[in-house]
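Colleague: Dropping the structure in here first, questions after.
Coordinate-derived values only; no laboratory data. Keep in mind it's a predicted model, so treat the numbers as computed, not measured. Note that we place each Cβ from the backbone using ideal geometry, even for glycine, and neighbour counts take in every protein chain shown.
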Amino acid sequence: MLPDSATDLPPYVSIVFTGRNDGYGGDFVRRFLATLQFNSRELCARGIAHEFVLVEWAPVPGAPLLADLVDARCPSSLTAAFRTVVVDAAYHEAVTLNPQLKYQEYLAKNVGVRRSRGEYVLTTNCDVFLGHRILERLARRDLESTVVYRAPRWDLRSVTDVERIDWGYLDDAANLVRPRRTLRPPLFSGGAGDFIALDRASFDRVRGFNEVYRLARLGIDGNFVVHALSCGLTIVDVGGPVYHLDHEESYRTRRSRDPGREGEGRHGDGYWPADAVVYWNRPAWGFADAPERLVGPRRTYLDFSWDAVPPLVDLSGIVLPSQRRSTAADRL
Amino acid sequence: MIRRLVRKLGFVTLGELLVTQEKLRQVRQQLDTATDRVARAAAAREQLKRARREEEQRHKDKLAEMASEHERRRSRIREAAADASKRIAALEEQLRKRDLQAEATAREAATVDAGVVAAVQDLDLARQHLMAIEVKLDILEGAANVLDTRVRVARGLVADAPR
């Protein structure tokens, strides 16, 4: 049964993630396609109306787009529910505040969130398998609005034949590379970038992930949870984990090998006070003003325009958790 | 017949006289006995009366003594009650003063608590401000570095441009 996203009906959930074909963490494409096909299969098997929204941020010139690889290698049941937004590379240079940071993961996710169609938006990553509990809840459609759903991330041992990973592999604790983690209230933080689910209207009201602080990828996910809490949303554990394929260059791998140096390099400074400040993005968050061009079925290209670029510095966008703007409070 | 003649003459026979004397003697004896009994009874009654009077007197004395003792005890109890009342009054006064002291101490403690809570809140707010300033400085530093790079690149382009 094809999900509703194959028709004009809005899907129940938009699954937003971001990536590009740059060999991140080893064989990125294999991990991406394996997890994508697994998740698609499980969502379709349960009749969950969904769409995938992939944001390809500043793609590598000359390398095939991930969207092209999906079209070439995945079944039509998957591609029918798969949309891509490609973001011109000039945006990365225009918005950066840290040349060390090679990828603006959360600005990219905001692009996808802003353009999603589902009643609920689930942001995750390109190497994550959705767990039983999450799929059960999506099938039952029992998510509630104004609630941020979180899930613990369990790291799977890296394997060569990722395409053969099934429930037997996922459910076997021996295949975990680190102890199972649980999330603790009130923030349920820890690996938030791998699973955040929220109704689209609330995502819009809180204006997505932090676009003001662009010096790091690390901590932006946890900062979103603090921001959501300060905006009056509830944070809950969805009740089950997501499974992440461990790989080189992941933050946790780097942290275990070079403690204290995990903040260097692609993730930016991991020690900024992400739990002590919140933010307020401008109304045109998610590059809302970017000129859009349809470049294929279910494929949009964001052309570069300075009009869409957020200001280099917007200090008024950094606020204290206890001092949310009255306009923001009124909206919620 | 002689007996009838003697009786008509007002005389009695010797037998009758003896009998009568015997009877008289018996009667006198009985009378003596009775008299003696009466006297004894009277004496006993007197004795009993005396005993009763003495008993009454003893009771009266006893009662008087008991009344006196009772009075003494009442007096002692009144004195003790008066003492106790004075002590109770003194203790109540002490208690009242302690209550006032305790209230004053509690008010002081509440003021200190409120001060501590306010100080903790101020500290938390100050920490948030500090963190916000740190983040803003990071942003400014990042922006300054980016602009510096762009200016250098632009100057390099200008310098390299053909004249």
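Colleague: Using 1/(1 + (r/R0)^6) with R0 = 41 angstrom and r between the beta carbons of A:Leu9 and A:Leu315, what's the FRET efficiency to the nearest 0.05? Please list the in-between numbers first.
Modeller: On the way: r = 43 Å, r/R0 = 1.05.
Step by step, r from the Cβ atoms, then E = 0.45.
Colleague: Take B:Ala64, project a point 7 Å from its Cα along the Cβ direction, then tell me which residues of the range B:13-56 have their backbone nitrogen under 16 Å from it.
Modeller: The answer is B:53-56.
Colleague: Let me ask you something else. 5 Å is the cut-off here: which amide hydrogens, built 1.01 Å from N in the peptide plane, fall below it relative to A:Asp199, excluding neighbours closer than 5 in sequence?
Modeller: Amide H neighbours of A:Asp199, under 5 Å, 5+ apart: A:Val121, A:Thr146, A:Val147.
Colleague: Pop the C-beta distance of B:Arg127 and A:Asp172 into the FRET formula with R0 = 41 Å and round what comes out to the nearest 0.05.
Modeller: Values: r = 44 Å, r/R0 = 1.08.
So, using R0 = 41 Å, E works out to roughly 0.40.
Colleague: Place a point 7 Å from the Cα of B:Arg50 along the Cα-to-Cβ direction; which residues of the range B:5-40 have their backbone N under 14 Å from it?
Modeller: Backbone N within reach: B:40.
Colleague: For chain A, compute Rg over Rh where Rg is the Cα radius of gyration and Rh is the Kirkwood radius from the inverse mean 1/r over Cα pairs. List each step's numbers first, then the result.
Modeller: Details: Rg = 18.5 Å, Rh = 19.9 Å.
The Rg/Rh ratio comes out at 0.93.
Colleague: Still on this model: For the ranges A:275-282, B:91-98, A:76-83, what's the packing order if you count other beta-carbon atoms within 10 Å of each residue, average per peptide, and put the highest first? Present the calculation step by step, with values, prior to reporting the outcome.
Modeller: Details: A:275-282: 20.8, B:91-98: 10.0, A:76-83: 18.9.
With the highest mean Cβ count within 10 Å placed first, the list reads A:275-282, A:76-83, B:91-98.
Colleague: In a shell of Cβ-Cβ distance under 13 Å around A:Tyr243, excluding A:Tyr243 itself, what net charge do Lys and Arg (+1) and Asp and Glu (-1) give? Mind dumping the intermediate values first?
Modeller: Working: positive: A:Arg31, A:Arg133, A:Arg153, A:Arg157, A:Arg178, A:Arg180, A:Arg181; negative: A:Glu42, A:Asp127, A:Asp155, A:Asp166, A:Asp171, A:Asp172, A:Asp194, A:Asp246.
Here the charged neighbours net out to -1.
Colleague: Along the positive direction of the dipole of the range A:1-117 (beta-carbon charges: Lys, Arg +1; Asp, Glu -1; about the Cα centre), which of A:Leu69, A:Ala49, A:Ala81 reaches farthest?
Modeller: Comparing the listed Cα positions along the dipole, A:Ala49 ranks first.
Colleague: Work out the length of the dipole vector of chain A about its Cα centre, built from +1 on the beta-carbon of each Lys and Arg and -1 on the beta-carbon of each Asp and Glu, and round it to the nearest 20 debye. Before the final figure, lay out the partial values.
Modeller: Working: 42 positive and 43 negative charges, 112 e Å.
Charge dipole, chain A, about its Cα centre: 540 debye, nearest 20.
Colleague: Also: Name the residue, out of A:Ser322, A:Ser202, A:Ser189, whose mean-square fluctuation peaks in a Gaussian network model built on chain A with Cα pairs under 10 Å.
Modeller: Result: A:Ser322 has the largest fluctuation of those listed.
Colleague: Next question. Report, as an integer, the average count of C-beta atoms from other chains found within 10 Å of each Cβ along A:314-321. Please report the intermediate quantities before stating the final value.
Modeller: Numbers: counts 3, 8, 1, 2, 8, 2, 7, 4.
If you average over the peptide's residues, the count of other-chain Cβ atoms is 4.
Colleague: Could you point to the residue in B:Ala119, B:Ala132, B:Thr149 farthest towards the positive end of the range B:111-163's charge dipole, with +1 and -1 charges on the Cβ of Lys/Arg and Asp/Glu respectively?
Modeller: After comparing all options, I get B:Thr149.
Colleague: Return the average number of partner chain Cβ atoms within 10 angstrom of each residue Cβ along peptide A:97-104. Intermediate results must be reported in sequence, preceding the final value.
Modeller: Values: counts 9, 5, 4, 0, 1, 0, 0, 0.
Per residue, the number of nearby Cβ atoms from other chains is 2 on average.
Colleague: Here is a further query. At what distance in nm do the modelled label points of B:Gln21 and A:Ala94 sit from each other, each positioned 7 Å from its Cα along Cα→Cβ?
Modeller: Using points 7 Å along Cα→Cβ, the separation is 18.4 nm.
Colleague: Helix-only estimate, please: 222 nm mean residue ellipticity of the protein assembly as shown, summing -39500 (n - 2.57) across DSSP H runs of length 4 or more and dividing by its residues, to the nearest 500. List each step's numbers first, then the result.
Modeller: On the way: 13 runs with 246 residues, N = 495.
That calculation yields -17000 deg cm²/dmol at 222 nm.
Colleague: Can you list residues from other chains, or at least 5 along the same chain, whose modelled amide H is less than 5 Å from the amide H of A:Phe52?
Modeller: Residues meeting the criterion, in which the H sits 1.01 Å from N, are A:Ile15, A:Phe82, A:Arg83.
Colleague: If you don't mind, another one. Can you give the FRET efficiency to the nearest 0.05 for B:Leu137 and A:Arg180, using r as the Cβ-Cβ distance and R₀ = 41 Å?
Modeller: Details: r = 39 Å, r/R0 = 0.94.
My answer for the efficiency is 0.60.
Colleague: Of the listed peptides A:63-72, A:305-314, B:12-21, what is their order by residue-averaged count of other C-beta atoms within 10 Å, with the highest listed first?
Modeller: Details: A:63-72: 17.4, A:305-314: 15.8, B:12-21: 11.7.
Final packing ranking: A:63-72, A:305-314, B:12-21.
Colleague: Using the crude model of +1 on Lys and Arg Cβ and -1 on Asp and Glu Cβ, and no other charge, please compute the dipole size for the range A:270-321 relative to its Cα centre, in debye to 20. Working shown, then result.
Modeller: Values: 4 positive and 6 negative charges, 48 e Å.
Magnitude of the dipole: close to 220 debye.
Colleague: Right, something else. Mind checking A:271-279 for the average number of partner chain beta-carbons within 10 Å of each residue's beta-carbon? The partial results should precede the final answer.
Modeller: Working: counts 0, 5, 8, 2, 1, 9, 8, 2, 1.
Across the residues of A:271-279, the mean count of other-chain Cβ atoms within 10 Å is 4.
Colleague: Treat every Asp and Glu Cβ in the range B:29-133 as -1 and every Lys and Arg Cβ as +1, leave all other atoms uncharged, and give the resulting dipole magnitude about the Cα centre to the nearest 20 debye. Mind showing how you got there, number by number?
Modeller: Details: 22 positive and 20 negative charges, 206 e Å.
That gives the range B:29-133 a dipole magnitude of about 980 debye.
Colleague: Each label point is 7 Å from the Cα along the Cα-to-Cβ direction; what then is the distance between the points at B:Ala119 and B:Leu31, in nm?
Modeller: 12.7 nm
Colleague: Here's a follow-up. So in the protein assembly as shown, what percent of DSSP beta bridges are antiparallel if you round to the nearest 5? Provide the component values of the computation, followed by the final result.
Modeller: On the way: 17 of 45 bridges.
Restricted to the protein assembly as shown, the bridges split so that about 40 percent are antiparallel.
Colleague: Tell me which aspartates and glutamates have Cα within less than 20 Å of B:Lys62's Cα, excluding those fewer than 8 residues away on the same chain?
Modeller: Result set, ordered by chain and number: B:Glu54, B:Glu71.
Colleague: Considering only A:Gly232, A:Phe203, A:Ile165, whose Cα is most displaced toward the positive end of the charge dipole of chain A, charges sitting on Cβ of Lys, Arg (+1) and Asp, Glu (-1)?
Modeller: Going by the Cα projections, it comes out as A:Gly232.
Colleague: Check which residues have an amide H placed less than 5 Å from A:Tyr103's amide H, if you skip close sequence neighbours.
Modeller: none
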